Number of protein chains: 4
Amino acid sequence: MIKAGIIGATGYAGGELVRILMNHPQVEIAWYGSKSYIDKKYYQVYQNMFQIVEDICKDDNIVELADQVDVIFTATPQGFLAGILTEEILSKVKIVDLSADYRIKDVAVYEKWYGIEHKSPQFIEEAVYGLCEINRGKITDKTRLVANPGCYTTCSILTAYPLVKEGLIDVNTLIVDAKSGTSGAGRGAKMQNLYCEVNENMKAYGVASHRHTPEIEEQLTYAGDCQVTLNFTPHLVPMNRGILATEYATLKRKEDGSLPTYEEVKAVYDKYYAQEKFVRVLDKGVCPETKWVEGSNYVDVNFVIDERTGRIIMMGAIDNLVKGAAGQAVQNMNLLFGFEESMGLNLVPCFP
Amino acid sequence: MIKAGIIGATGYAGGELVRILMNHPQVEIAWYGSKSYIDKKYYQVYQNMFQIVEDICKDDNIVELADQVDVIFTATPQGFLAGILTEEILSKVKIVDLSADYRIKDVAVYEKWYGIEHKSPQFIEEAVYGLCEINRGKITDKTRLVANPGCYTTCSILTAYPLVKEGLIDVNTLIVDAKSGTSGAGRGAKMQNLYCEVNENMKAYGVASHRHTPEIEEQLTYAGDCQVTLNFTPHLVPMNRGILATEYATLKRKEDGSLPTYEEVKAVYDKYYAQEKFVRVLDKGVCPETKWVEGSNYVDVNFVIDERTGRIIMMGAIDNLVKGAAGQAVQNMNLLFGFEESMGLNLVPCFP
Amino acid sequence: MIKAGIIGATGYAGGELVRILMNHPQVEIAWYGSKSYIDKKYYQVYQNMFQIVEDICKDDNIVELADQVDVIFTATPQGFLAGILTEEILSKVKIVDLSADYRIKDVAVYEKWYGIEHKSPQFIEEAVYGLCEINRGKITDKTRLVANPGCYTTCSILTAYPLVKEGLIDVNTLIVDAKSGTSGAGRGAKMQNLYCEVNENMKAYGVASHRHTPEIEEQLTYAGDCQVTLNFTPHLVPMNRGILATEYATLKRKEDGSLPTYEEVKAVYDKYYAQEKFVRVLDKGVCPETKWVEGSNYVDVNFVIDERTGRIIMMGAIDNLVKGAAGQAVQNMNLLFGFEESMGLNLVPCFP
Amino acid sequence: MIKAGIIGATGYAGGELVRILMNHPQVEIAWYGSKSYIDKKYYQVYQNMFQIVEDICKDDNIVELADQVDVIFTATPQGFLAGILTEEILSKVKIVDLSADYRIKDVAVYEKWYGIEHKSPQFIEEAVYGLCEINRGKITDKTRLVANPGCYTTCSILTAYPLVKEGLIDVNTLIVDAKSGTSGAGRGAKMQNLYCEVNENMKAYGVASHRHTPEIEEQLTYAGDCQVTLNFTPHLVPMNRGILATEYATLKRKEDGSLPTYEEVKAVYDKYYAQEKFVRVLDKGVCPETKWVEGSNYVDVNFVIDERTGRIIMMGAIDNLVKGAAGQAVQNMNLLFGFEESMGLNLVPCFP
């Protein structure tokens, strides 16, 4: 049994961490950090937790917290952890950071896209990018700092990864058109996220400028071993949870000029995912739907080859708060402590 | 480890039974019955179950099924179970019936409100009305047939039960105004349940004629030990899950003409519910919200006393597919087999 | 052609006024007042108005505005108009106030329920309560100040009015259970109105304390000529627009002890509403649905008599932003200036 | 004043035609055709029309209808009009066909994508593709048959048209990722369109096989004067109305290797749309949102140039039932009869 602390426990991702850890047999939450609700009972912020969590929200004193727990989850705004992290803290406790602070290896890229100075670049090199299906081997009991991937990025990367890795597509043609439920926008009181503004509405945002773009590019660059520059367009959808990524790329033709067949592409997906518990390659012809993974840690992927245009259309769906945030963070924690990777994550998707 | 069969496994309540039983440590589902999808893989009907359930849908041959399992859940249309149930079947297997066939003791009342003939009234007497918080003592390893309560009825009854039982309200003034998500209407392809008909819309239906009325009346009559006749008005709400019941009744005044105080009423609720895991009496001033119980077996209740009118407004919220159907069915099953009552039901509500 | 000014043009009700007045043949909007967006183009606040409205938002200087227009609509917070209204202003311009400042004749009642001091009680007497179907005769070219009714109140009053007026129900048994879309909560950035908090959720609020209660009571007291005290419970529903009121009352029995018949009650509704363009008494057995009036100025009403309990269940539906706010304000304006009452209000409900 | 008949008046597009024509000063609806509801009052099918439309639904006898009206709108399934159209009918009445029967000039392409035989190919040549902004000149009082464009196609074509026409993009790189509200799926009772299946869910469908693909390709081929083959992926979104198209294409570089500037691209959009009432090119940086055009005939478009990838991201939004169906049909009718093109279409978008 280990003890966990959460900084940012009252945001949506923090709340989801609490929900998942409640049923984790090896973890006890010892610290519900929330700058906005200090001294308030946690269940008064999330009434679903009434009679389940009796704790009181505490401040975000990470130094004190580091002495009390085995692992800290930081579900905090960009720049927060980078601004306070020290070698002393890392020497005492493992950290799974749900923010973007340590996801991007090139600090200049981080600072350009996020528009803030990185206050502790010395830890970037050590941080492991916690996309478990790809980097599992690097997340061990020796690892001190895991950069938990973003929601859009988790979905976007895993949907295309096998084809990039195996060189089946021309990576420079890759376009990611992603759609997200509104919980990704957080619990802050902003006019544009009011019910009446989002409901019965759909829009793109952050076009050609969304901060998840360089994160996707970096990871696919590693996968393909060649520079990937792509278009990523997020959209806001009137639903609470779920991300759907629709991705387009030109298939490389075989020597005889023909396209790879369905079976050939399927074999590549299966090579990487057949043994993965949380990635489901759907049956032929079945398109992923966000509702089928809601509340669970699954990633559902599939693809269609268009003989007319020579492109492949890849599709992936996740629950942005689970595989896109809290679920993956727990998956990383399991790896860090040597627990079974899926421990506490046997969440059956909830339908309808 | 026991074996369970589900007849009607591909309706919404059946699907929820599967979701819940997947994580029940003492149950294995041995039969996915579905008249409409015989020989189809279950996950092809509910793709959320891909790689989780590999079974094939079978017919609804209850005689054959009775030989293979320890308990049968019937999530079937009204009249189905009554039409096929026999002493032989009941001698072999326990049944938790999610339909209304054995909920109402007076067969004439059943036949009047449901408009169908009851084909096996001989089992009505034996059936136990499975509202666990009230009838727990009657549901034992000797019980063969449990009539699982309706969704509206579970919520409506539990919200008012302590006050009726203790005689705090004038039961003839009781009015139940209930609001339900659309999953209560089932998965049948009906025009009025299309997305575009339900979304951005709200209506009452079954006014003064809904079939859950006599069920609520019967149970509250037992509780209050006096005939209860009430108004029950269901409404359709544009959401998937959740029932909210708002109930009105005139409080009986004390001898000095004053109304009971908040503390006095609260004490009555606590008398019945303080020890109940699944009934949560919220803090003063907090109104139940359906989202706070979504995906869980909880019933959230609270009340406000209106000094101006002398009435009490009681409110209750459940997830109609869990406490209102599948969750309560599993709770009953746990009682039937001597498992811990909450086994498999430690479902933390999912928010947002 | 008259000129209109709107103070509070960038709230939801203000925006709806703009939408409706755009197609009014006798009105030109000369002033888009918005404290929050001064000097910003109106269409930048409501992009639906791009290339339709080119004006710039102005401040809320009502003294200056009174010199420039024939009518002012105030879609402002409670207390605003009462704080600035003067005889001089009223001598120059007619005002339709969409706030509650002049709706309630008893200033003590206003101050108690609204919790603020009324700064200009001297105008309360003169103000006409602008529920056109009831007070049409009092709204003339001599009227200077119209108190436009609240959204819940319009729906609640009109649903029960004929039966109260004709003495068919025991008014002390009247209970109003109302459900509203979220636009009624306004465009302010509040956490509880975020998409993820409202969507897939339902709750009661303001139980036994909502400020529309005394307004409903006052108007029904006038109608019934006897003191009405009632329960009013509002609920928040995950939809943008629409209010549904479900109302319960005990029917007075006839001398022979029987209840009034459907035909007798229908005749009473028809007596008051058969000639009303905007009130539609639906066919027998058809329950009002909010979607059927969306975007229009209609009120749909109907009723069911419950022989078992002796109660009548009345139902009414409106679009809270139209008949519940901007549409009724325009209807009042038409009366004030002698235009045809329905001018600019031939809005056909939008479905789906 | 002309008389209009509608065949298929009880589908969603038919219902929208009725809503719009109610406020058209030059049209009277003389025939509400509905195979499914013959002899039923129209308002019983769409209760929003209660006390607005008193007519009874009639059959779809187009021969009889042709004698009674000046124009027929066919809002019918694919193949219906092609199966019954004759020279005699066309000699008596003008037809605006909302189905796909006469949209595609190459009958083989039609038959391949729609999977049905075309029964009257002799009228294809004569039919005018009624995308008014592009083909306005061809729709005159001499025109007998207008093929009203599809919803996805209207949005997809108009979003990219100026750039294709002026040769700014490499048309072979064009990808259209489109998202639609559920009313596009029609009012038929299908399980996959139930509220609980669509709500809180998102999916792609018809990937690389949707029938609007060849229609988009054909029109853009005319515009660009070179063969266009593209990817079109539709998605189902949990909202009633609205289509958003996000389109990607590689910009042709100028001789100096640089990309066109924002101003240069904007000038091209303005060249075609500055004078168009119903196409709004939004201000720089403002992304189209479906809610801003809801209930109106507008198309909102905008674009972002991505210097990193050399692509342009174009975005367009319409109300699928208005500009995507009934509104455009009325716009075509106005052209056919020499009415002002926007007559009856001054519909202000409804927000929220």
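The values are calculated or read from the model by the stated rules, or taken from the named source; none is laboratory data. Nothing here was measured: the structure is a model prediction, and the numbers come from that model. Reconstructed Cβ throughout: ideal geometry from the backbone, glycine too, with neighbour counts over all protein chains shown.
Quick grid of which residues meet (1) out of contact with any helix residue (DSSP H, G or I) (no Cβ under 6 Å at 6 or more places or on another chain); (2) closer than 25 Å to residue B:1 by Cα; (3) surrounded by 15 or more Cβ atoms within 10 Å (Cβ to Cβ):
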{"residue": "B:103", "(1), (2), (3)": "no, no, yes"}
{"residue": "B:108", "(1), (2), (3)": "yes, no, no"}
{"residue": "B:115", "(1), (2), (3)": "yes, no, no"}
{"residue": "B:130", "(1), (2), (3)": "no, yes, yes"}
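Quick one: count up the residues across the stretch D:30-67 that are surrounded by fewer than 21 Cβ atoms within 10 Å (Cβ to Cβ), closer than 25 Å to residue D:334 by Cα and within 12 Å of chain C (Cβ to nearest Cβ).
Looking only at that region, the number is 2.
Restricting to the stretch B:39-83, give me the number of residues that are within 22 Å of residue A:292 (Cα to Cα) and of a type in the set (Val, Ile, Thr).
Adding up the residues that qualify gives 4.
Being charged (D, E, K, R), in contact (Cβ under 8 Å) with a residue 12 or more places away in the chain and in a helix (DSSP H, G or I) is the filter; apply it to the stretch B:87-101 and report the residue that is surrounded by the fewest Cβ atoms within 10 Å (Cβ to Cβ).
Result: B:88.
Check A:72, A:52 and return the single one that is of a type outside the set (Asp, Glu), under 19 Å from residue A:145 (Cα atoms) and in contact with a helix residue (DSSP H, G or I) (Cβ under 8 Å, 6 or more places away or on another chain).
Working: A:52 fails: under 19 Å from residue A:145 (Cα atoms).
The conditions single out A:72.
State the number of residues belonging to the stretch A:185-199 that are surrounded by fewer than 24 Cβ atoms within 10 Å (Cβ to Cβ) and either in contact (Cβ under 8 Å) with a residue 24 or more places away in the chain or assigned by TED's automatic domain parsing to the domain that holds residue A:11 (or both).
So the count comes out to 3.
Among the listed residues B:89, B:116, B:104, B:157, identify the single one that is of a type outside the set (D, E, K, R), within 19 Å of the chain's Cα centre (by Cα) and not assigned by TED's automatic domain parsing to the domain that holds residue B:225.
Numbers: B:89 fails: within 19 Å of the chain's Cα centre (by Cα); B:116 fails: within 19 Å of the chain's Cα centre (by Cα); B:157 fails: not assigned by TED's automatic domain parsing to the domain that holds residue B:225.
Result: B:104 is the single residue among B:89, B:116, B:104, B:157 that is of a type outside the set (D, E, K, R), within 19 Å of the chain's Cα centre (by Cα) and not assigned by TED's automatic domain parsing to the domain that holds residue B:225.
State yes or no: is residue C:289 more than 30 Å from residue C:90 (Cα to Cα), surrounded by 24 or more Cβ atoms within 10 Å (Cβ to Cβ) and of a type outside the set (Lys, Arg)?
Details: more than 30 Å from residue C:90 (Cα to Cα): yes; surrounded by 24 or more Cβ atoms within 10 Å (Cβ to Cβ): yes; of a type outside the set (Lys, Arg): yes.
It is true that residue C:289 is more than 30 Å from residue C:90 (Cα to Cα), surrounded by 24 or more Cβ atoms within 10 Å (Cβ to Cβ) and of a type outside the set (Lys, Arg).
If I go through the stretch B:168-200 residue by residue, how many of them are in contact with a Lys or Arg (Cβ under 7 Å, 6 or more places away or on another chain) and either at positive phi or among the β-branched types (Val, Ile, Thr) (or both)?
2
Based on what the data block shows, is residue A:150 more than 10 Å from every other protein chain (Cβ to nearest Cβ), crowded, with 19+ Cβ neighbours inside 10 Å and within 22 Å of residue A:112 (Cβ to Cβ)?
Values: more than 10 Å from every other protein chain (Cβ to nearest Cβ): yes; crowded, with 19+ Cβ neighbours inside 10 Å: yes; within 22 Å of residue A:112 (Cβ to Cβ): yes.
Answer is yes for this residue.
Do we find that residue C:335 is of a type in the set (A, V, I, L, M, F, W, C), within 11 Å of chain D (Cβ to nearest Cβ) and over 22 Å from residue B:246 (Cβ atoms) in this structure?
Numbers: of a type in the set (A, V, I, L, M, F, W, C): yes; within 11 Å of chain D (Cβ to nearest Cβ): no; over 22 Å from residue B:246 (Cβ atoms): yes.
So residue C:335 does not fit the description; no.
Hey, among the residues in the stretch C:200-225 that are of a type in the set (Asp, Glu) and in contact with a helix residue (DSSP H, G or I) (Cβ under 8 Å, 6 or more places away or on another chain), which one's surrounded by the fewest Cβ atoms within 10 Å (Cβ to Cβ)?
Our first condition is that a residue be of a type in the set (Asp, Glu); within the stretch C:200-225, this holds for C:200, C:215, C:217-218, C:225.
With in contact with a helix residue (DSSP H, G or I) (Cβ under 8 Å, 6 or more places away or on another chain) added as a condition, the list becomes C:200, C:215, C:218.
Numbers: C:200: 26, C:215: 26, C:218: 19.
Result: C:218.
For every residue, the table says whether it meets (1) buried (at least 24 other Cβ atoms within 10 Å of the Cβ); (2) in the same structural domain as residue C:279 (by TED's automatic domain parsing).
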residue	(1), (2)
C:315	yes, yes
C:325	yes, no
C:329	yes, no
C:339	no, no
C:348	no, no
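Suppose the filter is surrounded by 23 or more Cβ atoms within 10 Å (Cβ to Cβ) and in contact with a Ser or Thr (Cβ under 7 Å, 6 or more places away or on another chain); does residue A:6 pass it? Steps first, answer last, please.
Numbers: surrounded by 23 or more Cβ atoms within 10 Å (Cβ to Cβ): yes; in contact with a Ser or Thr (Cβ under 7 Å, 6 or more places away or on another chain): no.
Answer is no for this residue.
Take residue A:157 and tell me if it is farther than 30 Å from residue A:93 by Cβ and surrounded by 19 or more Cβ atoms within 10 Å (Cβ to Cβ). Can you show your working first?
Values: farther than 30 Å from residue A:93 by Cβ: no; surrounded by 19 or more Cβ atoms within 10 Å (Cβ to Cβ): yes.
Considered against the rule, which asks whether it is farther than 30 Å from residue A:93 by Cβ and surrounded by 19 or more Cβ atoms within 10 Å (Cβ to Cβ), residue A:157 comes out as no.
So if I check each of B:17, B:81, B:21, which one is assigned to a helix (DSSP H, G or I), more than 14 Å from every other protein chain (Cβ to nearest Cβ) and crowded, with 20+ Cβ neighbours inside 10 Å?
Details: B:17 fails: more than 14 Å from every other protein chain (Cβ to nearest Cβ); B:21 fails: more than 14 Å from every other protein chain (Cβ to nearest Cβ).
Exactly one residue qualifies, and that residue is B:81.
Of the residues A:300, A:306, A:319, which is within 14 Å of chain D (Cβ to nearest Cβ), under 30 Å from residue D:230 (Cβ atoms) and surrounded by 24 or more Cβ atoms within 10 Å (Cβ to Cβ)?
Numbers: A:306 fails: surrounded by 24 or more Cβ atoms within 10 Å (Cβ to Cβ); A:319 fails: under 30 Å from residue D:230 (Cβ atoms).
Answer to the check: A:300.
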